[in-house]
Amino acid sequence: MSASGNDADDDTLCPIAHSTGLVGDRWSILIVRELLLGQSRFQDLQAQTGATSQMLAARLKRLEADGLIERHPYSERPPRHEYRLTPKGRHLMPVILALRTWGEQWCKPQSEQPATRMFHRACGSELELDGKCPACGGLVAWTDMRGQPSEAYAEERARRAADFTDHRRAADAQTQPDR
C-alpha cells in the first residue's frame with residue numbers, strides 16, 4: 001500500500017496514477033505552491049490556500065507521511081511547527097510551473113498580465129511563458145529560475161492575508177468573555 005493509503009495506485013505501473021495519488025487534489029497542489037513561495041506556517045498556508053483548518057491539517061499530515069514535507073518546531077509554548085519541502089517536494093516545481101503555464105494560457109483573459117513573472121537567474125532576463133530565455137535563446141531549467149509576483153498578485157496575496165487575520169481576530173473576540 002502507498003503511504004497515501006491508496007492501494008489502487010499500487011495496481012498500475014503508470015507514474016501519473018502514482019503521482020496524482022500523492023498530490024492529485026487542489027489543496028495539496030496549493031500547499032506545495034505556497035511552500036515553494038516561501039510560506040511555511042500553518043496560518044499563512046491557510047490564509048493563502050483558503051483551506052479549512054481541518055482540511056489543511058489533514059493534507060499536511062498526508063504530505064508529511066508521503067515524504068514531500070517535513071515539520072520543524074519553531075515554538076515550544078504553545079507548540080507550533082513550520083513546514084518545509086523535502087527534496088522530493090521541491091522537485092514538484094516543474095509540475096507547478098506547467099500548471100502555471102497552462103493556467104496563464106487557457107484559464108484567464110489574454111489581456112491580463114501573468115500573476116507571476118519568471119526570470120533567468122544567470123542573466124536576469126524575464127522568461128517567456130514556456131521558460132525560454134529571450135536573451136540566452138534556450139530553455140531555462142527550473143533550478144535556474146526565480147519568480148516575482150506581479151503587483152496585482154502581490155496585492156491580492158496581502159489582502160488575503162489581512163482578511164484572514166481580521167477574520168481570526170473577529171472570531172477570537174466572539175469567543176472571549178466580556179471584561
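The values are calculated or read from the model by the stated rules, or taken from the named source; none is laboratory data. Quantities reported herein were computed from a predicted structural model and do not represent experimental measurements. Because the Cβ atoms are built from the backbone with ideal geometry, glycine has one as well, and the counts that use them run over all protein chains shown. All accessible areas refer to the heavy atoms of the entire protein, side chains included, with ligands and DNA or RNA removed. Shrake-Rupley method; radii C 1.70, N 1.55, O 1.52, S 1.80 Å.
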- Listed residues 30, 92, 129; largest mean-square fluctuation, Gaussian network over the chain with Cα springs below 10 Å, found at 129
- Query: With the other protein chains left in place, how much accessible area per residue, in square angstrom, belongs to the range 1-92 at a 1.4 angstrom probe?
  - Reply: 58 Å²
- Task: Take the chain, connect every pair of alpha-carbon atoms lying under 10 Å apart with a spring to form a Gaussian network, then pick out the residue of 90, 121, 41 with the largest mean-square fluctuation.
- Result: 121
- Classified through the alpha carbon gyration tensor (a ≥ b ≥ c as square roots of its eigenvalues; rounded if a/c is under 1.5, else prolate when a/b is larger than b/c, else oblate), the chain comes out oblate
- Message: Could you work out how much longer the chain between residue 88 and residue 75 gets when fully extended? Use 0.36 nm per residue separation minus the Cα distance between them, nm to one decimal.
- Response: 2.1 nm
- Phi-derived 3J(HN,Hα) across the range 53-61 with the Karplus relation (6.51, -1.76, 1.60, θ = phi - 60°), rounded Hz, x for Gly and Pro, is 4, 5, 5, 5, 4, 5, 5, 4, 4
- Message: Taking only Cα atoms of the range 84-146, what ratio of Rg to Rh do you get with Rh as the Kirkwood inverse-distance radius?
- Response: 0.99
- Please work out the Cα center distance from the range 147-179 to the range 92-120, rounded to the nearest Å. 25 Å
- Task: Using only Cα atoms, locate the centre of the range 64-82 and the centre of the range 27-59, then give the distance between them in Å, rounded to an integer.
- Result: 13 Å
- Item | Under-5 Å amide H pairs with residue 145, H placed in peptide plane, nonlocal only | 121
- Task: Could you run the Karplus curve 6.51 cos²θ - 1.76 cosθ + 1.60 with θ = phi - 60° over the range 65-73 and give me ³J(HN,Hα) per residue in whole Hz, x for Gly and Pro?
- Result: 4, 7, x, 8, 9, 10, 9, 10, x
- Ordering 151-158, 61-68, 103-110 by per-residue average of other C-beta atoms within 10 angstrom, highest first, gives 61-68, 151-158, 103-110
- Item | Apportionment of accessible area to carbon and sulfur, the chain, percent (1.4 Å) | 52 percent
- Query: Tell me, in nm to one decimal, what length is gained between residue 42 and residue 106 on full extension, where the rule is 0.36 nm per residue of separation less the Cα-Cα distance?
  - Reply: 19.9 nm
- Treating only the Cβ atoms of Lys and Arg (+1) and Asp and Glu (-1) as charged, compute the dipole magnitude of the chain about its Cα centre; round to the nearest 20 debye. 480 debye
- Message: For the chain, set up a GNM with springs between Cα atoms under 10 Å and report which of 16, 69, 31 has the largest fluctuation.
- Response: 16
- First check a/c for the range 44-86, with a ≥ b ≥ c the square roots of the eigenvalues of its C-alpha gyration tensor; if it is under 1.5, answer rounded, and if not, answer prolate when a/b is larger than b/c or oblate otherwise. oblate
- Which FRET efficiency value, to the nearest 0.05, do you get for residue 130 and residue 152 by plugging their Cβ-Cβ distance into 1/(1 + (r/R0)^6) with R0 = 25 Å? 0.65
